[in-house]
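One structure below.
A short reminder: the numbers here are calculations on the coordinates, not readings from a lab. Note that the structure is predicted; figures quoted are calculated from it, not measured. Glycine gets a Cβ as well: all are built from the backbone with ideal geometry, and neighbour counts include every protein chain shown.
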């Protein structure tokens, strides 16, 4: 702002307030008290204005978070689809190479459901191999 458009005001501070002001000016990198005071007033005015417009900010944050969640859901869905394709390929290869009756398959299903619940979905090939070998 040009100097001719500026006006002079007098401010009074307590000694503690003046110490805080001096420290804040250094932290902000302000070259003068006027520069710092104007920045501080503009910031505080914006903050006060924001208090009266919380609905706008709440909506903006809500929309941003909803967008991030939707993007994450899409990524996870694509990943799960790819995993399902690989699992289907494995299942078909196993079915083609093994001779398993329906009763054994049903018992295997029940055992796997119980195991996945017990281990919270963290399936390890090493554990399955140990089980199949009787360990």
Quiz item: What angle, in degrees between 0 and 90 and rounded to the nearest 10, separates the Cα long axis of helix 15-28 from the longest principal axis of the Cα atoms of the chain?
Solution: 60 degrees
Practice problem: Consider the candidate values [x] 2, 11, 21, 25, 21, 13, 6, 2, 0; [y] 2, 11, 18, 19, 19, 15, 10, 5, 2, 1, 0; [z] 2, 6, 7, 11, 10, 7, 6, 5, 5, 4, 5, 5, 6, 6, 6, 5, 3, 2, 1; state which one is P(r) over Cα pairs in 5 Å bins from 0, in percent computed from the structure displayed. | Solution: [z]
Quiz item: Counting each DSSP H run of 4 or more residues in the chain as -39500 (n - 2.57), what helix-only mean residue ellipticity at 222 nm follows after dividing by all residues, to the nearest 500 deg cm²/dmol?
Solution: -26500 deg cm²/dmol
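Using the number of other C-beta atoms within 10 angstrom as an exposure proxy, rank 118, 8 with the fewest first.
With the fewest neighbours first, 118, 8 line up as 8, 118.
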Self-check item: C-alpha long axis of helix 54-97 to longest principal axis of the chain, angle in °
Solution: 20 degrees
Self-check item: Between 0 and 90°, nearest 10: helix 33-52 axis offset from the chain longest Cα axis
Solution: 50 degrees
Quiz item: Using a Gaussian network for the chain with springs between C-alpha atoms less than 10 Å apart, which of these wobbles most: 117, 82, 39?
Solution: 117
